[in-house]
Amino acid sequence: MDRLITLEPSNVVAIRIEQGQKCYGQLTLRNVMYTMPVAFRLQPMNKSRYTVRPQSGIISPLTTVTIEITYDFPQNSSLPVSFPYSDDSFLLHSVVVPGASAKNPSSTHDSVPSDWFTTRKKQVFVDSGIRVMFVGSIVMARLVKKGSIDEIREVLEKSDPSWNAVNSVDSEGQTLLHLAVSQSRPDLVQVLLEFEPDVEARSWSGTTPLEDAAGSGETLIVELLLAHRANMERFESSTWGAVHLAAGGGHADVLKLLLLRGAYVNSLTKDGNTALHLAVEERRRDCARVLLAAGAKVDIGNSDNETPLHIATALGDDNMVKLLLQKRSNKEIRNKSGKTAYDVAAEHGHTRLFDVLRLGDRLSVAARKGEMRVINRLLEGGAAINGVDQHGWTVLHRASFKGHTDVVRVLIEKGVNIDARDEDGYTAMHCAVESGNVDVLELLVKKGADVKARTNKGVTAMQIADSLNYAGITRILINGGAKRDESKRESKNSPAFGNKIGRRSDKEMGLMKKKTTRAQIVRGSFGQAGSPLARVS
């Protein structure tokens with residue numbers, strides 16, 4: 001036998017250190033003798049730093065006694081350099097005392113004479129393997145900041161379960177999870193999560209670990225927290241939720257992950273902003289696209305009834321304004337001050353936005369109706385002559401499609417881009433040919449429009465005219481430099497002519513040909529009502 005007493009739960013004394021509190025730990029001694037009482041004495045090697053109560057006593061066979069060890073931790077002092085383990089140790093003396101009766105160990109003085117442990121006639125056992133481990137909030141916070149994964153795990157395993165060490169908070173109100181997030185350490189977060197911390201715990205600033213991770217763009221940490229059912233929605237007392245923090249911070253990957261896991265894309269901040277408002281305000285175009293793809297509503301007003309379009313306009317963010325308009329943002333919504341997005345642009349002097357916010361719309365309507373006076377007034381008022389509408393059409397596309405030859409002539413004189421392309425690659429010439437407007441076509445050819453221009457599908461104006469049997473238009477194009485033989489050859493081989501000719505399907509063309517006379521084709525009246533281009537007319 002090499003010992004009379006065992007230590008429980010191990011030979012390590014875990015001493016909890018907290019600022020402003022008594023720092024102590026407990027050690028349980030068990031007598032392993034079946035029939036004999038055992039006397040013990042526990043002595044710290046550094047007597048000035050530790051107090052042991054009781055320091056000695058007698059333990060009956062197979063029973064235990066709990067020892068309290070107090071550590072004198074000066075307030076506002078730093079932890080020992082060797083933390084969490086200390087260089088300090090204890091000596092445990094034990095001796096069998098036949099016939100002795102166990103006494104209640106005294107908390108104020110030794111209950112066993114010291115000479116019991118020095119008499120040479122008796123066999124005294126000495127255990128010098130008792131170590132000191134410091135635990136507590138201060139220690140845990142320092143270990144997390146230090147990034148010591150093995151030591152963190154060991155301290156958590158040896159800490160008293162009733163204390164719940166994994167929910168320790170540092171002097172600034174940060175939980176261990178908050179600290180791990182702030183260091184961008186998913187490995188630390190994973191270790192802490194094994195000990196089931198409160199993932200909804202808030203720092204003194206009011207944020208949860210998930211909100212901190214989302215705002216910092218820590219995608220892997222966000223994924224770990226979500227796997228442990230962290231709440232994605234904004235708490236009532238919080239200003240922003242996780243989706244708002246990710247959007248405002250420009251963290252598109254985190255935003256995608258949150259939305260994929262079911263976060264509400266249109267959730268509101270405390271002051272009524274959506275994540276889209278914040279993405280627009282911070283010029284986070286990638287995040288705005290993610291939100292819009294996930295179904296974000298573009299016309300929600302905040303507490304000032306400002307939509308994302310109002311905000312983008314105030315910033316003069318051309319690209320964001322165009323993105324919102326492509327998603328059909330309502331330009332006529334007024335904020336609490338009664339201002340539309342156009343009014344906001346005017347207020348901030350963003351004249352380059354006038355066209356897309358108001359003048360371009362009016363110009364498009366005037367071009368469709370052939371109102372030359374209105375067109376002139378709008379152009380003089382700042383409307384961009386080469387500005388495009390939501391379909392990518394310029395005023396020249398619109399006038400050419402509608403057959404307003406006088407408008408086309410004036411626009412060309414004013415310097416309009418005669419070969420401007422829409423989002424499908426159509427020029428004004430393609431529009432004039434498809435709608436059968438001979439006079440407009442003749443004017444465009446005369447003014448130098450590119451008769452060989454191709455759409456995004458590789459289709460020329462000649463191919464459209466041939467497919468529609470527009471004989472008069474075909475002659476005009478040939479006179480302008482187009483080649484009919486090449487057109488026929490390409491019409492047969494081009495992939496664009498397999499399923500669709502220009503913008504019309506084969507079925508549509510068949511029906512239209514039955515209802516259309518050659519006279520209509522030559523006059524140019526065909527297509528203005530039946531053409532798929534009518535959707536943007």
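The values are calculated or read from the model by the stated rules, or taken from the named source; none is laboratory data. Because the structure is predicted, anything quoted here is derived from the model rather than measured. As a convention, Cβ positions derive from the backbone with ideal geometry for all residues, glycine included, and neighbour counts pool all protein chains shown.
Tabulated results
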read-out	value
Test for Ala230: is it aliphatic (A, V, I, L, M) and within 14 Å of the chain's Cα centre (by Cα)	no
Residues (out of contact with any strand residue (DSSP E or B) (no Cβ under 9 Å at 6 or more places or on another chain) and surrounded by 17 or more Cβ atoms within 10 Å (Cβ to Cβ)) located in segment 146-155	Ile152
Residue list for segment 161-182, filter: exposed (fewer than 14 other Cβ atoms within 10 Å of the Cβ) and either in contact (Cβ under 8 Å) with a residue 12 or more places away in the chain or in contact with a strand residue (DSSP E or B) (Cβ under 6 Å, 6 or more places away or on another chain) (or both)	Ser171, Glu172, Gly173
Candidates Gly436, Gly425, Gly403, filtered to the one that is under 21 Å from Leu468 (Cβ atoms) and surrounded by fewer than 19 Cβ atoms within 10 Å (Cβ to Cβ)	Gly425
Residues located in segment 228-277, provided they are among the β-branched types (Val, Ile, Thr) and under 20 Å from Thr307 (Cβ atoms)	Val243, Val265, Thr269, Thr274
Residue among Ala449, Ala420 that is under 18 Å from Leu477 (Cβ atoms) and assigned to a loop (DSSP other than H, G, I, E, B)	Ala449
Selected residue [of a type in the set (D, E, K, R) and at pLDDT below 80] from Asp72, Asp110, Asp115, Asp88	Asp110
